[in-house]
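Q: Mind having a look at this structure? Questions to follow.
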Amino acid sequence: MNSFLLPLQFINGILSKVTFFIAMAIVSTMVLALSASALTRYISGHGFDWFIELPPALVSWLVFPMLGPLLKTGNHIEVDFVSTVMNPRSIKFVKLFVYLISLIASFIFFKAGLDATILFYNLGQMMELEIDIPIWYMFLSFPVGFIIMGSFSLELLITTYQEIHEDGSI
């Protein structure tokens, strides 16, 4: 299983760096757009609507691709109550179950996101912004994000299974 895990860890390492870089660029763009909006309104008395409309349009590209890296680093939303009343061996089994559910869910949501992206691509609809952006660009973040999450879930599932196997629990 290590022959499969090492390339997956390498790919996920690259994906993690790329998604964190893109997330930083998106947050920077959002801040700059809102700052530019405030500055142009202050100086000229008139602003550009697309400065205000751009950040919400970028949110999906900030959120969905980050699901996998945040799952791996443990920076996602979780409930810590269960881990306080369970032993370390049981916690590993719960994590194994969570990673399995995450993997299954990522493929389901990937398919749904891909279907939505294709639908809006075929419809040719545009976002109702001051600048014309096809709406399918926003929906593309769903399949991209969930395929990344699937890759990280698979890595965590295999790693956790190996930990449990090495402990002699299975």
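Q: Within segment 127-141, restricting attention to residues that are modelled with pLDDT of 90 or more and either in a helix (DSSP H, G or I) or in contact with a helix residue (DSSP H, G or I) (Cβ under 7 Å, 6 or more places away or on another chain) (or both), which residue is surrounded by the fewest Cβ atoms within 10 Å (Cβ to Cβ)? Steps first, please.
A: Within segment 127-141, the first condition is being modelled with pLDDT of 90 or more, and the residues that meet it are 134-141.
Still in the running and either in a helix (DSSP H, G or I) or in contact with a helix residue (DSSP H, G or I) (Cβ under 7 Å, 6 or more places away or on another chain) (or both): 135-141.
Details: 135: 20, 136: 19, 137: 16, 138: 19, 139: 20, 140: 21, 141: 19.
It comes out as 137.
Q: While we're looking at this one, here's another question. So which pairs qualify, if the first residue must be in segment 105-130 and within 30 Å of residue 47 (Cβ to Cβ) and touching a residue at least 60 places away in the same chain (Cβ under 8 Å), the second must be charged (D, E, K, R) and surrounded by 15 or more Cβ atoms within 10 Å (Cβ to Cβ), the Cβ gap must be under 7 Å, and the two must be at least 6 apart or on different chains?
A: Within 7 Å, the pairs are 129/53; 130/53.
Q: Can you name every residue in segment 108-126 that is in contact with a helix residue (DSSP H, G or I) (Cβ under 6 Å, 6 or more places away or on another chain) and not polar (S, T, N, Q)? Let's see the steps before the verdict.
A: Keep residues of segment 108-126 that are in contact with a helix residue (DSSP H, G or I) (Cβ under 6 Å, 6 or more places away or on another chain), which gives 109-110, 113-114, 116-117, 120-121, 125.
Scanning segment 108-126 gives 109, 110, 113, 114, 116, 120, 121.
Q: Determine whether segment 14-36 contains at least one residue that is assigned to a helix (DSSP H, G or I), among the hydrophobic types (A, V, I, L, M, F, W, C), surrounded by fewer than 14 Cβ atoms within 10 Å (Cβ to Cβ) and touching a residue at least 12 places away in the same chain (Cβ under 8 Å).
A: Yes, the conditions are met somewhere in segment 14-36.
Q: Please state which one of 68, 45, 74 is out of contact with any Pro (no Cβ under 7 Å at 6 or more places or on another chain), within 19 Å of residue 158 (Cβ to Cβ) and surrounded by fewer than 12 Cβ atoms within 10 Å (Cβ to Cβ). Full working, then the answer.
A: Values: 68 fails: surrounded by fewer than 12 Cβ atoms within 10 Å (Cβ to Cβ); 45 fails: within 19 Å of residue 158 (Cβ to Cβ).
Just one listed residue meets the conditions, 74.
Q: For segment 101-126, give me each residue that is over 21 Å from residue 11 (Cα atoms) and either touching a Pro at 6+ places or on another chain (Cβ under 7 Å) or outside any helix (DSSP H, G or I) (or both).
A: 113, 114, 117, 124, 125, 126
Q: I'd like the residue in segment 77-125 that is surrounded by 16 or more Cβ atoms within 10 Å (Cβ to Cβ) and charged (D, E, K, R) and, out of all such residues, is nearest to the chain's Cα centre (by Cα). Quick ask: steps written out before the conclusion?
A: Looking only at segment 77-125, we keep the residues that are surrounded by 16 or more Cβ atoms within 10 Å (Cβ to Cβ), and these are 92, 95-96, 98-100, 102-103, 106, 109-110, 113-114, 116-117, 120.
Cutting the leftovers down to charged (D, E, K, R) gives us 92, 95.
Values: 92: 23, 95: 19 Å.
Ranking the candidates gives 95 first.
Q: Among (1) under 30 Å from residue 13 (Cα atoms); (2) at pLDDT 90 or above; (3) not small (Gly, Ala, Ser), there is one condition residue 82 misses while meeting the rest; what is its number?
A: It fails just one condition, (2).
Q: Can you name every residue in segment 142-170 that is buried (at least 17 other Cβ atoms within 10 Å of the Cβ), farther than 14 Å from residue 95 by Cβ and either free of Cβ contacts under 8 Å to residues at least 40 places away in the same chain or β-branched (Val, Ile, Thr) (or both)?
A: Residues satisfying the conditions are 143, 144, 147, 148.
Q: Taking residue 54 and the conditions (1) under 16 Å from the mean Cα position of the chain (by Cα); (2) over 27 Å from residue 152 (Cα atoms), which numbered condition does it fall short on, given that it satisfies the others?
A: Exception for residue 54: condition (1).
The values are calculated or read from the model by the stated rules, or taken from the named source; none is laboratory data. The shown structure was predicted, so the numbers you read here are calculated from the model rather than taken from an experiment. Counting neighbours? That spans all protein chains shown, and the Cβs are built from the backbone with ideal geometry, glycine included.
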